[in-house]
Amino acid sequence: MAAGDGDVKLGTLGSGSESSNDGGSESPGGESPAASLPRMKKRDFSLEQLRQYDGSRNPRILLAVNGKVFDVTKGSKFYGPAGPYGIFAGRDASRGLATFCLDKDALRDEYDDLSDLNAVQMESVREWEMQFKEKYDYVGRLLKPGEEPSEYTDEEDTKDHNKQD
């Protein structure tokens with residue numbers, strides 16, 4: 001499956017049709033919520049910590065793909081609470097992306113090692129990961145249970161952000 005094939009099956013999910021100027025509802029000043037938020041410092045997240053960034057409790061929206069956490073706030077019209085892919089906000093979206101399923105049943109409440117996915121589904125997850133890397137800021141890793149977070153220096157954080165720009 002080519003990297004763009006998933007876009008056809010899941011519509012505009014991560015397809016590049018969002019921009020930072022049309023990322024969702026606008027604030028009274030005319031800016032999207034993403035425009036007013038500072039760039040997030042790199043850190044790692046447990047599933048519980050990730051859930052806080054679902055766009056309803058916090059204006060920032062994060063999701064994880066293949067163990068990597070991305071800030072998708074600029075795509076809030078897609079990933080926000082009212083968006084067609086809002087189910088992925090604050091969650092590990094890997095299984096839903098791999099199986100092209102937008103049902104809550106496709107997402108796990110506990111850490112998902114994806115070990116039951118087949119080779120085609122795992123390739124799909126890796127392709128989605130690459131698309132999210134190109135489009136959104138990588139902000140850290142999704143921690144496995146018992147795993148300790150990494151300490152990121154300001155230099156690493158700046159280097160990663162410059163590489164993404």
- prompt: Asp112 fails exactly one of the following numbered conditions: (1) in contact (Cβ under 8 Å) with a residue 40 or more places away in the chain; (2) open to solvent by less than 80 Å² (accessible area, probe 1.4 Å). What is the number of that condition?
  reply: (1)
query: Can you pull out the residues in the stretch 38-80 that are under 20 Å from Lys144 (Cα atoms), free of Cβ contacts under 8 Å to residues at least 40 places away in the same chain and basic (Lys, Arg)?
result: none
task: Output the number of the condition that Asn118 fails; it satisfies all remaining conditions of (1) within 23 Å of Arg43 (Cα to Cα); (2) open to solvent by 20 Å² or more (accessible area, probe 1.4 Å).
output: (1)
query: Out of (1) within 14 Å of Met40 (Cβ to Cβ); (2) of a type outside the set (S, T, N, Q); (3) touching a strand residue (DSSP E or B) at 6+ places or on another chain (Cβ under 6 Å), what's the single condition that is false for Ala89?
result: (1)
Subset of the stretch 62-85 (residues that are of a type in the set (Phe, Trp, Tyr) and open to solvent by 10 Å² or more (accessible area, probe 1.4 Å)): Phe78, Tyr85
- prompt: Does any residue of the stretch 97-104 turn out to be of a type in the set (A, V, I, L, M) and either open to solvent by less than 10 Å² (accessible area, probe 1.4 Å) or under 27 Å from Ser150 (Cα atoms) (or both)?
  reply: yes
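Residue-wise test of (1) at pLDDT 95 or above; (2) touching a strand residue (DSSP E or B) at 6+ places or on another chain (Cβ under 8 Å); (3) of a type in the set (Val, Ile, Thr).
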residue	(1), (2), (3)
Phe100	no, no, no
Lys104	no, no, no
Ser115	yes, no, no
Gln121	yes, no, no
Val125	yes, yes, yes
Glu151	no, no, no
Asp154	no, no, no
message: Residues that are of a type in the set (D, E, K, R), at least 1 per element: which helices (runs of 4 or more DSSP H) completely within the stretch 25-141 meet that?
response: 47-51, 76-79, 94-99, 119-135
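The values are calculated or read from the model by the stated rules, or taken from the named source; none is laboratory data. All values derive from a computational prediction rather than experimental measurement. Cβ coordinates were reconstructed from backbone atoms using ideal geometry, including for glycine residues, and neighbour counts include every protein chain displayed. We work out accessible area using only protein heavy atoms, side chains counted, and drop any ligands, DNA or RNA first. Shrake-Rupley method; radii C 1.70, N 1.55, O 1.52, S 1.80 Å.
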